[in-house]
Amino acid sequence: MPTTPDAAAPRHDEVDRIVAGWRAVRDDLDVAPLAVFSRISRLSRYLEVARRGAFADAGLEGWEFDMLSALRRSGDDALSPGALMHETLVTSGTMTTRIDKLVARGLVSKNRSPHDGRAVEVRLRADGVARIDAAMEKLLEAEQELLEPLAPDGRSALADTLRSLLLTFEVDDPPQR
């Protein structure tokens, strides 16, 4: 859980110390990127712990959350394997294995599309809906806690800045898992 820093205390974090250390031993390097990406990396660790906890409370692993979440957001809780690949950024072989595991757990069903007999639909089952909804509620509680030190306008500004940076990467080359 984050703590709100004392206004009278010096405002330095571990990344400030890392950057200062590198500047002291290699003043020829521009270490400014460390000030951004080391903080993102460290915050990512806190987020990962919060995510694992939220998912575990709902009996899910991270990849299961990603799959069920994509289905839940789809509106009618059904997607093709191809659409799921696009949503979760995994390869077709990985997708097939993941769908089969979720079917075996009773969280999704996989059937021929009633609209096109050649196509397959993956659809959430009742237990899948219950688990993804529970996980999402826990995740949002945890993420709200992580953002507690920021005022609403600071949260909005941070989201806008991160979106601007992320868009430069996502346009041409989405990451594959």
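Being in contact with a strand residue (DSSP E or B) (Cβ under 8 Å, 6 or more places away or on another chain), closer than 22 Å to residue 46 by Cα, open to solvent by less than 60 Å² (accessible area, probe 1.4 Å) and in a helix (DSSP H, G or I) is the requirement here; does residue 132 meet it? For residue 132, the condition - in contact with a strand residue (DSSP E or B) (Cβ under 8 Å, 6 or more places away or on another chain), closer than 22 Å to residue 46 by Cα, open to solvent by less than 60 Å² (accessible area, probe 1.4 Å) and in a helix (DSSP H, G or I) - is met. The set of residues in region 85-111 being in contact (Cβ under 8 Å) with a residue 12 or more places away in the chain, part of a helix (DSSP H, G or I) and in contact with a strand residue (DSSP E or B) (Cβ under 6 Å, 6 or more places away or on another chain) consists of 99, 102. Given the structure, is residue 120 in contact with a Ser or Thr (Cβ under 9 Å, 6 or more places away or on another chain), open to solvent by less than 90 Å² (accessible area, probe 1.4 Å) and β-branched (Val, Ile, Thr)? The answer is yes for residue 120.
The values are calculated or read from the model by the stated rules, or taken from the named source; none is laboratory data. Note that the structure is predicted; figures quoted are calculated from it, not measured. A quick note on method: Cβ atoms are made from the backbone with ideal geometry, for glycine too, and the neighbour counts reach across all protein chains shown. The accessibility values were calculated without ligands, DNA or RNA, using every heavy atom of the protein model including side chains. Shrake-Rupley method; radii C 1.70, N 1.55, O 1.52, S 1.80 Å.
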